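Peer 1: This is the structure, below, for whatever I ask next.
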Amino acid sequence: RMQTQTQAAVARPRAYWWIAVLALVWNLIGLAMFFSQMLMDGAQVMQLSEAQRAVYLATPGWVNLAFAFAVIAGVLGALCLLLRRRLAVPMFAISLLALLVQVVGGYLVTPAWAAYGAAGLALPGLLLVVALLLWRYARGCRAGGWLR
């Protein structure tokens, strides 16, 4: 069957779906980590190393709120990709900005630097790179006419 020019313009490569599914899994893992951290009880906090416990106890609510925004917006952005919705772009932007607030805030107002040093920035750095790439990918998908 012949595709019209409009249909051909919005055809998505197979990689689109793989990226969207991986983005959802990635962000669902982040959401699970958020709940794991927020639902820790006193006994679990006491099992943390002294340095980790100091960071956990010094983390203000606004840093945890940024964490929540980062993971929830990331999940919504990935779902929007799967549903081919333009809302993926602002959702991934919110996720990226909230993650930046969480990382910078966490290192500025808690003893994270003393606890983890520069090596402690490896995982947050990776998270920021992935969030940036997802936002840029969604922007490219929007520009390519793949999102409605």
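The values are calculated or read from the model by the stated rules, or taken from the named source; none is laboratory data. No experiment lies behind these values; they were computed from the predicted model shown. Counting neighbours? That spans all protein chains shown, and the Cβs are built from the backbone with ideal geometry, glycine included. SASA here: full protein model, heavy atoms, side chains in, ligands and nucleic acids out. Shrake-Rupley method; radii C 1.70, N 1.55, O 1.52, S 1.80 Å.
Peer 1: Using a Gaussian network model of the chain with C-alpha springs under 10 Å, which one of Ala131, Ala122, Ala20 is most mobile by mean-square fluctuation?
Peer 2: So, out of Ala131, Ala122, Ala20, the one fluctuating most is Ala122.
Peer 1: Turning to a different aspect of this structure: Working out 0.36 nm times the residue gap between Ala119 and Leu39, then minus their Cα-Cα distance, what length gain in nm do you get to one decimal?
Peer 2: Computed gain between Ala119 and Leu39 is 26.2 nm.
Peer 1: Still on this structure, please answer the following. Which three semi-axes in whole Å describe the equivalent ellipsoid of the chain, each the square root of 5 times a Cα gyration tensor eigenvalue, listed largest first?
Peer 2: Working from the Cα gyration tensor, I get semi-axes of 37, 14, 12 Å.
Peer 1: Suppose each label sits 7 Å from its Cα in the direction of the beta carbon; what would the Ala58-Ala15 distance come out to in nanometres?
Peer 2: Result: 4.3 nm between the two label points.
Peer 1: Using 0.36 nm per residue, how much length does the chain from Leu82 to Ala51 gain when fully extended, once their Cα-Cα distance is taken away?
Peer 2: Here the segment from Leu82 to Ala51 would lengthen by 7.2 nm.
Peer 1: Can you give the accessible area of Arg85, probe radius 1.4 Å, in Å² rounded to 10?
Peer 2: Rounded to the nearest 10, the figure is 100 Å².
Peer 1: Could you sort Leu48, Leu147 by accessible area so the largest value comes first, with the probe set to 1.4 Å?
Peer 2: Leu48, Leu147
Peer 1: Continuing with the same structure: Sorting Trp26, Trp62, Trp146 by accessible area (1.4 Å probe), largest first, what list results?
Peer 2: The residues order as Trp62, Trp26, Trp146, largest area first.
Peer 1: Can I ask one more? Let me know the shape class of region 65-121, please: from the alpha-carbon gyration tensor, a ≥ b ≥ c as square roots of the eigenvalues, rounded when a/c is under 1.5, otherwise prolate if a/b is greater than b/c, or oblate.
Peer 2: The shape class here is prolate.
Peer 1: Kindly point out which whole DSSP H helices in the chain project their C-alpha atoms 20 angstrom or further along the helix axis while averaging a Kyte-Doolittle hydropathy of -1.0 or above.
Peer 2: 14-38, 61-82, 88-109, 122-143
Peer 1: Pick from Gly117, Gly125, Gly77: which is most flexible by mean-square fluctuation in a GNM of the chain where alpha carbon atoms under 10 Å apart are linked?
Peer 2: Top of the fluctuation ranking is Gly117.
Peer 1: For the charge dipole of region 1-134, defined by +1 on Lys and Arg C-beta atoms and -1 on Asp and Glu C-beta atoms about the Cα centroid, which residue among Ala11, Leu28, Leu108 has the Cα displaced farthest towards the positive pole?
Peer 2: Ala11
Peer 1: What does the accessible area per residue of the chain come to in Å², with a 1.4 Å probe and no ligands, DNA or RNA counted?
Peer 2: Roughly 61 Å² per residue, with all protein chains present.
Peer 1: Let me ask something else about it. Measure off, as a whole percent, the carbon and sulfur share of the 1.4 Å-probe accessible area of the chain, all protein chains present.
Peer 2: Using a 1.4 Å probe with all protein chains present, the chain comes out at 70 percent carbon and sulfur.
Peer 1: Of Gln37, Pro60, Cys141, which is farthest along the charge dipole of the chain in the positive direction, counting Lys and Arg as +1 and Asp and Glu as -1 at C-beta?
Peer 2: Cys141
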